[in-house]
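Read-outs throughout are calculated quantities, based only on the coordinates presented, and are distinct from any laboratory measurement. Not measured: the values here are computed from a predicted model. Here the Cβ positions follow ideal geometry from the backbone for every residue, glycine too, while neighbour counts run over all protein chains shown.
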Amino acid sequence: MSLLSVNQLKKYFPLRGRFLGSSGYIRAVDGVSFKVNSGETFALVGESGSGKTTVGFLVLGLLRPTEGEVYFKGEDLFNLRVEEMRRIRRSMQMVFQDPYGSLNPRQTVGGMLKEVLSFHHVVEPDLVEGRAEEILRLVGLKPVCKSRYPHEFSGGERQRIAIARAISLEPELIVADEPVSALDVSIRGQILNLLRELQEKLNLAYLFIAHDLAVVRFISQRVGVMYLGKLLEVADTEKLFKKPLHPYTKALLSAIPIPDPGRRKKEDLLSGEMPDALGKLSGCRFSSRCPYVREKCRREEPPLVEVEEDHFAACHLIKPQAVDSYSDSDSR
Amino acid sequence: MKVLEVRGLTTRFYTLEGVVKAVENVSFEMWGGKTLGLVGESGCGKTVTALSIMRLIPQGEIVSGNVRYKGRELLKLPEGEMRRIRGGEIAMIFQEPLLSLNPVFTIGNQIVEAIVVHKRTSRMEAESFMIKLLELVGIPSPREMAGCYPHQLSGGMRQRVMIAMAISTQPSVLIADEPTTALDVTIASQILELMRELQSKFKMSILLITHDLGVIAEMADAVAVMYAGEIVECAEVGHLFKKPLHPYTKGLLECLPDPVRRETYLKTIPGHVPDLRNLPSGCNFQDRCPYAIQVCKEAKPHLVDVGSGTFVSCHLYQEEL
Ligand SMILES: Nc1ncnc2c1ncn2[C@@H]1O[C@H](COP(=O)(O)OP(=O)(O)O)[C@@H](O)[C@H]1O
Ligand SMILES: Nc1ncnc2c1ncn2[C@@H]1O[C@H](COP(=O)(O)OP(=O)(O)O)[C@@H](O)[C@H]1O
Ligand SMILES: [Mg+2]
Ligand SMILES: [Mg+2]
């Protein structure tokens, strides 16, 4: 059984104000399914506005879906009684891009950890102090940090504090939404290494949300590529990077600037931009930008199907078995 | 041709918590039609360097240095003449165009205004030129888009508008401060491609400021690496990536995840950048440097020429060693 199982999840936000009359909804998430096993990292990548954060909020039960289910350890998250929900929420924690926004500026780091530990009765009252120090050590901070306030720390250290708070409740799943996006390269690696280390020590599963593919490659075992509220491709991380199938994934990978001046690319760039998730979307979500688009793509939405073992893609041009059947020559 | 030469530029901010040495003794050159990449982590002084060149430092002081543009000393120019250079001969674009566009005017109006001010043409001429510019920067249906307000456009389109405005006066130098940092990767690559196209068309020199070494590798001819307000290494782009000399440059390049192999552990640079209000004596990088020796604690290294157009500021490369 998977730790987390997300089934045909949808979230439509009603439109207010100036767009009123156009359609009524933003389809932020529009039928997304995936599973996360315990101890595993599943990454969601995609451009901003593709619905990643909304999926994260739905998984944590912070938003109610328009349709679809979220199962955590087999329990249907949105059909639980309040106490049960509270119990399950403890096992699912989150870490955000901006740790500063989620930390109380007037509370010392030690105070914050002790409050969390005692409020949720994680350990006996006389063990709280010791546990707080242990957690700080786990995230690579010295015990003297206990008496300091968030503003006294650097960006990287503040992200360590946010991680400390998340693991203090002994969760099984952490939803990490762009946790290293705001950090400089020299610090980014420190936090990514820490997340990998903690995963092994504590058997954590991560739902790791990012737009940086290099980061995703390092941290995740499996990846889902989102576009306009849909998953277009889901695969093993290594498979996805070595042999991307969906035209969007290919474009995304080739758009990453490579830090090697000897390999400047000249190939076609993806033209256009991701449209709004407004109004009626017919056909393939990617059809307006796809270099291989055909008539059928604009009419009919391709389902996400397993084209190779554990490799899913939603594209009319990709046939199971004969995966290489589309190329520049036979399109258009 | 040497278009812009910066020598010993030093800019400071005086705050209640002390003097911020944001830019310290910075020197570099920009050549006609070439791109100089200025790379470094956040807070290292990249933006302040650019704003100092434009003399847009109202809250701080340009303490010393020279900025020579086609033989003229910009730091000594009367403000009136400087205004003509700014946005005329030297144009600048920023990470977030929304902050530099006026929200209450249509983008068409704003570009026309910029053209009229700098080129002293009639409104009619300016308007048809504006449409041409929007076309040039790849804005679809320019006539309709000209009537849009900045907030109605996507981030990528706004950056195109900024570029249109910047090139409207056919500047010799374009300073682009993190122009793609706020954009998604597929849009970012379109903008970089556009900048390359326009550069070869108009032979502009570009100062490309970024924290992304990938962007540098794609775009730059030469690179200056900044750390804590100083330039620590300056080299031709091929040299810098193949044979980085400064320990900080080496460290930065090693931090990048391997594109071929999936690592189990990422290399990092230990510690974090020093506080610009409270810099150590000696080298600014000493606390994080794996090669630090006694002299690094005592004396400031200076940028020295180590051949093949490479300059490095590190005691490991000073002549006396
Ligand atoms: N609370 C909300 N109300 C209305 N629209 C929202 C809300 N949250 C997100 N959206 C919209 O849903 C879409 C997906 O957003 P988000 O999940 O934040 O994407 P991502 O995290 O991939 O950038 C966007 O178009 C966004 O504007
Ligand atoms: N108006 C100001 N007052 C005080 N300090 C400033 C001001 N503007 C910038 N600084 C400081 O100058 C340093 C360099 O900033 P900046 O050039 O913006 O860095 P970068 O662009 O490399 O991220 C930073 O430490 C910043 O805090
Ligand atoms: Mg998001
Ligand atoms: Mg800056």
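Each residue of region B:276-292 is assigned a 3J(HN,Hα), and the resulting list reads 5, 8, 8, 7, x, 6, x, 6, 5, 9, 3, 5, 10, 8, x, 9, 4 Hz, derived from the Karplus form 6.51 cos²θ - 1.76 cosθ + 1.60 (θ = phi - 60°), x at Gly and Pro. Once you order the gyration tensor axes a ≥ b ≥ c over the Cα atoms, which shape class does chain B get: rounded for a/c under 1.5, otherwise prolate or oblate by comparing a/b with b/c? Here chain B falls in the prolate category.
List the chymotrypsin sites (Phe, Trp or Tyr not before Pro) within region B:87-186 that DSSP assigns to loop and that have no more than 15 neighbouring Cβ atoms inside 10 Å. Each step should come with its number before you reach the end.
Values: sites: B:Phe94, B:Phe105, B:Phe129; in loops: B:Phe94, B:Phe105.
Qualifying residues, ordered by number: B:Phe105.
For a straight C-alpha distance cut-off of 26 angstrom, the lysines reachable from A:Lys114 (same-chain residues fewer than eight places away being disregarded) are A:Lys142, A:Lys146, A:Lys201. Considering only A:Thr66, B:Phe285, A:Ser91, and ranking their Cα positions along the charge dipole of the protein assembly as shown that arises from unit charges at the beta-carbon of Lys, Arg, Asp and Glu, the one farthest toward the positive end is A:Thr66.
When +1 charges are put on Lys and Arg Cβ atoms and -1 charges on Asp and Glu Cβ atoms, the dipole computed for the protein assembly as shown relative to its Cα centre reaches about 1220 debye. For A:Leu141, neighbours were defined as the other residues whose beta-carbon sits under 13 Å from its Cβ, and their charges (Lys and Arg +1, Asp and Glu -1) total +3. Neighbour counting of Cβ atoms within 10 Å sorts the residues A:Lys242, A:Lys114, B:Lys297, fewest neighbours leading, into A:Lys242, B:Lys297, A:Lys114. Tell me which aspartates and glutamates have Cα within less than 13 Å of B:Lys21's Cα, excluding those fewer than 8 residues away on the same chain? Candidates past the 8-residue exclusion: B:Glu61, B:Glu230, B:Asp275. Mind checking which aspartates and glutamates have their Cα closer than 17 Å to the Cα of B:Lys70? Skip sequence neighbours fewer than 8 apart in that chain. Partners within reach: B:Glu5, B:Glu29, B:Glu81, B:Glu89. Tell me whether region A:204-290 comes out rounded, prolate or oblate; compute the Cα gyration tensor, take square roots of the eigenvalues as a ≥ b ≥ c, and use a/c under 1.5 as the rounded threshold. The shape class here is oblate. Only the Cβ atoms of Lys and Arg (+1) and of Asp and Glu (-1) were treated as charged; on that basis the dipole of chain B about its Cα centre amounts to roughly 680 debye. For chain B, adding -39500 (n - 2.57) for each run of n ≥ 4 DSSP H residues and dividing by the number of residues yields -9500 deg cm²/dmol at 222 nm.
Return the percentage of antiparallel bridges among DSSP beta bridges fully within region B:2-220, rounded to the nearest 5 %.
Within region B:2-220, antiparallel bridges account for around 55 percent of the total.
Helical content of chain A, expressed as a calculated mean residue ellipticity at 222 nm, amounts to -8500 deg cm²/dmol (DSSP H runs of 4 or more residues, -39,500 (n - 2.57) each, divided by residue number, nearest 500).
Of all DSSP bridge pairs formed entirely within chain A, close to 60 percent run antiparallel.
Each principal axis of the Cα cloud of chain A was evaluated for its coordinate range; sorted largest first, these ranges are 70, 53, 43 Å.
Projecting each Cα onto the charge dipole of chain B (Lys/Arg +1, Asp/Glu -1 at the beta carbon, about the Cα centre), which of B:Cys296, B:Cys234, B:His246 comes out farthest on the positive side? Towards the positive end, the residue furthest out is B:Cys234.
Hand me the chymotrypsin sites (Phe, Trp or Tyr not before Pro) from region B:166-275 located in a DSSP loop with no more than 16 other Cβ atoms within 10 Å, in residue order please.
B:Tyr265
What GluC sites (Glu not before Pro) does region A:235-304 have in DSSP loop regions with at most 13 other beta carbons within 10 Å? Counting only loop positions with at most 13 other Cβ atoms within 10 Å, the GluC sites (Glu not before Pro) in region A:235-304 are A:Glu267, A:Glu300. Please state the shape class of the protein assembly as shown: rounded when a/c is under 1.5, otherwise prolate if a/b exceeds b/c and oblate if not, all from the C-alpha gyration tensor. Note, shape of the protein assembly as shown comes out oblate. If I take R0 = 56 Å and measure r between the Cβ atoms of B:Glu236 and A:Ser271 in this structure, what FRET efficiency does the formula 1/(1 + (r/R0)^6) give, to the nearest 0.05? E(calc), rounded to 0.05, equals 0.95. Relative to the longest principal axis of the Cα atoms of chain B, the long axis of helix B:123-136 makes an angle of roughly 50 degrees.
Annotation for A:His151 and B:Arg83: the two label points, set 7 Å from Cα along the Cα-Cβ direction, are 3.8 nm apart. Computed over the alpha-carbon pairs of region B:245-321, the distance histogram in 10 Å steps reads 17, 42, 29, 12, 1 percent, short to long.
Radius of gyration (Cα atoms) of region B:31-83, expressed as a multiple of 2.2 N^0.38 Å: 1.26.
At a threshold of 8 angstrom on Cα-Cα distance, excluding pairs fewer than six apart, so keeping six or more, what relative contact order does chain B reach in percent?
Relative CO of chain B lands at 21 percent.
Only Lys, Arg, Asp and Glu carry charge here, each on its Cβ (+1 for the first two, -1 for the last two); on that basis region B:245-321 has a dipole of about 280 debye about its Cα centre. List, in the order given, every pair from A:Lys296/A:Lys319; B:Lys2/B:Lys203; B:Lys267/B:Lys297 whose Cα-Cα distance in the structure shown is over 21 Å. B:Lys267/B:Lys297, as the Cα separations exceed 21 Å there. Output the 0 to 90 degree angle, nearest 10, between the alpha-carbon long axis of helix A:109-119 and the longest principal axis computed from the alpha carbons of chain A. That works out to roughly 90 degrees. The gain in end-to-end length when the B:Glu197 to B:Lys132 segment is fully stretched comes to 21.9 nm, 0.36 nm per residue minus the alpha carbon separation. For a quick check, take a GNM of chain B with Cα springs below 10 Å and name the residue from B:Val232, B:Val104, B:Val112 with the largest mean-square fluctuation. Among B:Val232, B:Val104, B:Val112, the largest GNM mean-square fluctuation belongs to B:Val104.
Sum up the charges of everything whose Cβ sits under 15 Å from the Cβ of B:Lys297, counting Lys and Arg as +1 and Asp and Glu as -1, but leave B:Lys297 out.
Values: positive: B:Arg288, B:Lys300; negative: B:Asp287, B:Glu298.
Its environment carries a net charge of 0.
Taking the longest Cα principal axis of chain B as reference, the axis of helix B:155-167 is set at about 80 degrees.
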